[in-house]
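Below you'll find the structure, written out as structure tokens, and then a few comments.
The values are calculated or read from the model by the stated rules, or taken from the named source; none is laboratory data. None of these values were measured; they are calculated from a predicted model. Cβ coordinates were reconstructed from backbone atoms using ideal geometry, including for glycine residues, and neighbour counts include every protein chain displayed.
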Amino acid sequence: MRIVVPSWLVLAVCLTALPCLARAEAPCPSPTEPAARATLAPSAPSAGADLYDKARVLARTRIWKDINQGVASSGTVAIMDGGRLVYAEGFGMADREKSLPVQPHTLFNIGSISKVFVATALMQLVDDGKVGLDDPVVQHLPEFRMADPRFRQITLRMLLNHSSGLPGTTWLNNFGIRRNPEVFTGLLQTLAQAHLKHAPGARSPYTNDGFTLAEMVVERVSGQDFLDFLQARVFAPLALADSGDGVGRQPGRSVAVFYQPATGKPEPLEVLSVLGAGGLASTAVDLCRFQDSFSGHGPQILSASSRAEMLREQPSGFSGRLPHGEFTFGLGWDLTDLPRYRAQGIQVLGKSGGTGRYTSMMFTVPEHRISVAVIEAARSGRSMETALALLDEVLIARGLLSRTGEEVTRPLSHQPIPRRYKAYAGYYAPLRKVEFDFKKNLARLTTMEAGEEPRPSELFFHGGSFHDKNGQPVDFVTLEGQDFLVATPPTLGVDVVVGQRLKKLEEPRRLRIDLDGKTWLVRNARWFEGIQGTEYHVVLSRIFEDLPGYVDLEGLLRVDSSEAAGMPVDNIRDLSELSLVDREGTTWVQLSDVLLSPASQALPLKTGSTTLTIGPEGLSEWRVVREGMVLAFDLPSEARLLVFSPEGKPLLDSLMDPGPRWVDKGSLVEFLSGPGTQAELRGR
């Protein structure tokens, strides 16, 4: 669902910033908060230290710029070369109230970088002879079921290279402030009703749920808790003393608090329940040490054959089909090669991470034992571009890469659009509408998220492809009868699928209820869900007259029958399936793992005293404010009150604001807690 799918946790979102990689950065203002002292290896001679001066200056410039511009609360950077830690520094305050600066040992959540850890754990079990990389998942998790019989073909390898065909990500209640005890059972229940979006192995759109299944396999086969396994087999052997559970489960440790940019308020420490997919915490130093283990030098935790498997690309059936190639995932890695480095005989591996409150990036060059890592406490920081720039500086300093000046070129001219592109007009998933204006020689891409103003952008044609305002090439490609929107970030030189065209349906179907212009309320969220999820508990549905047979509810779905709508494409991440459910005298919606009720069913909240009680299923209680009032409330422990504007925008979260608060007529109030829990609301 888009309610939690952010510009985070995933490489796909980091890619939206890639055009910035080639631009020169202006120096940032003087820092407003003290940085922790930089750390150099004690044995490093002064000449060696000078080798990394430009990298240090670049790191400080970029991270302080992010902090001073409100992009990040704090950050941390580390560089290893030849097995030595040559630079590590923290920036900003880990805890502003206590005036505690970030140190190199301060913990940050690392998001999807956790995937490389779970992939490593599985390869250790391969070394132990307990699993085979091409074993079917059901061989080790017989309770794993799907509504699509092809699920039996999914292998462990497919979980780790994103080619399983699973719909995407089970988000609800797994990004929060407390561990979700039902994370595994919830995933299995959701998948039992789900279909595959493509045949196993055919494509590789980013998929988080595969790594949660991989985490379950590690626990089942090893007989150990996942974190205990990592501690014994990964953290301890590599001396990763500052790696483990998420920051919200690290009492007494130095952790980087995330502060809301607009208010400066600290948010509750984040806990991700999907440890293998994105729930670990670490430091930039530990991430460099971890990456160095893949060089074949220093402490080793994998056999030579397993290490080689971790370093090679893991292509799907779609790989190599795009004009300029594409990112080819490794086992957990986002990339195992990039043309700009390959041309110099250098293999680079990289992995990004993001959780909604932390962003991270790590790169390593195994042959030369060079590793860099950058982490920021930020919703969508610039860790990826900073880490890539740092890697370049180190490679240049080592004489492995030549420095090239910024090329000054003529502005690209606008050329006539070939008429053949007319066939590519239409709707694309994620929800964009593509139109061509042949008189003005422009292509118009309009992002059309429900509840927001359409956001149009224009592309012009030059030299055989389209270009955005930054000059990044964008084009339309037809493969296997499918039309794709493809971007080619110049710095990376590979194609990235950013959209897939929806086919015109010959016999479009309709659901038995009209979803156009309807408002829906999330009902099965728990009180401990993260702020990034609760911000989207009010969602809208709609249909488009020029797109018959489809419905938009947190993403486009293809109507398959009067009762259900399915995934409309097969090569886009995080898709959902919809089914209608009759409850309490009306029709609700089950959208993959999320249960939604119509907002029109919410009972009125009037002035005076009102007691809300959570029912036996633990579903949240909703009320709609009939007249403006000052709202006060008394909540027990492990309970939460949320208030949304009539348009669904968040106004109050009791975790951050105890009230009272003025609420306008039409505002929506949600009470979340466990079964039987009560809350007292007072309106005046």
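The table that follows gives values for the structure above.
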read-out: Hey, VAL118 under 24 Å from the mean Cα position of the chain (by Cα), buried (at least 20 other Cβ atoms within 10 Å of the Cβ) and either of a type outside the set (Phe, Trp, Tyr) or part of a helix (DSSP H, G or I) (or both) or not; value: yes
read-out: Selection status of GLN314, surrounded by fewer than 24 Cβ atoms within 10 Å (Cβ to Cβ), in a loop (DSSP other than H, G, I, E, B) and at pLDDT 95 or above; value: yes
read-out: Candidates ARG626, ARG573, ARG583 - the one that is in contact (Cβ under 8 Å) with a residue 24 or more places away in the chain, among the basic types (Lys, Arg) and closer than 29 Å to ARG178 by Cβ; value: ARG573
read-out: Single residue of the range 255-307 satisfying the filter (farther than 30 Å from ASP657 by Cα and among the aromatic types (Phe, Trp, Tyr)) that is nearest to the chain's Cα centre (by Cα); value: PHE290
read-out: Selected residue (only one of SER592, SER645, SER609 is within 28 Å of the chain's Cα centre (by Cα) and touching a residue at least 60 places away in the same chain (Cβ under 8 Å)); value: SER592
read-out: Pair list, Cβ < 6 Å and 6+ apart or interchain, from the range 551-565 residues that are at positive phi to residues that are basic (Lys, Arg) and in a loop (DSSP other than H, G, I, E, B); value: GLU554/ARG2; GLY555/ARG2
read-out: Output for the range 613-623, where each listed residue is in contact with a Ser or Thr (Cβ under 9 Å, 6 or more places away or on another chain) and in contact (Cβ under 8 Å) with a residue 60 or more places away in the chain; value: THR613, ILE614, GLY618, LEU619, SER620, TRP622
read-out: Leading residue by the ranking (farthest from ASP574 (Cα to Cα)) among those in the range 194-228 that are among the aromatic types (Phe, Trp, Tyr) and assigned to a helix (DSSP H, G or I); value: PHE226
read-out: Selected residue (only one of GLY666, GLY615 is surrounded by fewer than 16 Cβ atoms within 10 Å (Cβ to Cβ), modelled with pLDDT of 95 or more and at positive phi); value: GLY666
read-out: Evaluation of LEU540 against (1) surrounded by fewer than 21 Cβ atoms within 10 Å (Cβ to Cβ); (2) over 27 Å from ILE177 (Cβ atoms) (one fails), failing number; value: (2)
read-out: So ALA487, is it over 30 Å from GLY615 (Cα atoms), of a type in the set (Gly, Ala, Ser) and touching a Lys or Arg at 6+ places or on another chain (Cβ under 9 Å); value: no
read-out: Residue within the range 471-478 that is outside the structural domain of LEU322 (by TED's automatic domain parsing), crowded, with 16+ Cβ neighbours inside 10 Å, in contact with a Gly (Cβ under 7 Å, 6 or more places away or on another chain) and modelled with pLDDT of 95 or more present; value: no
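The rows are residues; the columns are (1) farther than 15 Å from THR386 by Cβ; (2) modelled with pLDDT of 50 or more.
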site: PRO6; (1), (2): yes, no
site: ALA17; (1), (2): no, no
site: VAL71; (1), (2): no, yes
site: ALA88; (1), (2): no, yes
site: ASP95; (1), (2): yes, yes
